[in-house]
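**Q** Can you read through this structure? Questions will come right after.
Nothing in this text is a laboratory measurement; each read-out follows from the coordinates by a stated rule. Everything numeric in this text was worked out from a predicted model, so none of it was measured. Positions of Cβ are generated from backbone atoms using ideal geometry, with glycine treated the same way; all protein chains shown enter the neighbour counts.
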Amino acid sequence: MRKACELVGGLLLFEGLVGIVHELIGWFRLMALVRFLPFLDGYELYASIGLAVVGFIVVAVAEESGERPSGPLISGADRAPRE
């Protein structure tokens, strides 16, 4: 589930960034999918910013909810030598 969330979040983040670049510079004309949605006419930049923010949040939550080992992490270098 974590990998799927990271993939979806990454795609949302990518599409948001591509949409922002397209609206500001005009590049990535075919990759900016937000511009093909007729109900967002005139609000493509705001939708792209929102898409990038949502994608970043999904990736951050997926990373944070990853599997963690139970108990404290103690490496071998942190232990005192036995006498």
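**Q** Work out, step by step, the length gained on full extension between residue 11 and residue 36: first 0.36 nm times the residue separation, then minus their alpha carbon distance; give nm to one decimal.
**A** Details: separation 25, 0.36 × 25 = 9.00 nm, distance 1.68 nm.
Working it through step by step, the gained length comes to 7.3 nm.
**Q** Between residue 1 and residue 60, what is the spin-label point distance in nm, taking each point 7 Å from the Cα along the Cα→C-beta axis?
**A** 2.1 nm
**Q** How would the range 2-64 be classified by its alpha-carbon gyration tensor: rounded, prolate or oblate, with rounded meaning a/c under 1.5 and the a/b versus b/c comparison settling the rest? All intermediate terms of the calculation are to be shown ahead of the outcome.
**A** Working: a/c = 2.42, a/b = 2.15, b/c = 1.13.
Because a/c hits 1.5 or more and a/b exceeds b/c, the range 2-64 counts as prolate.
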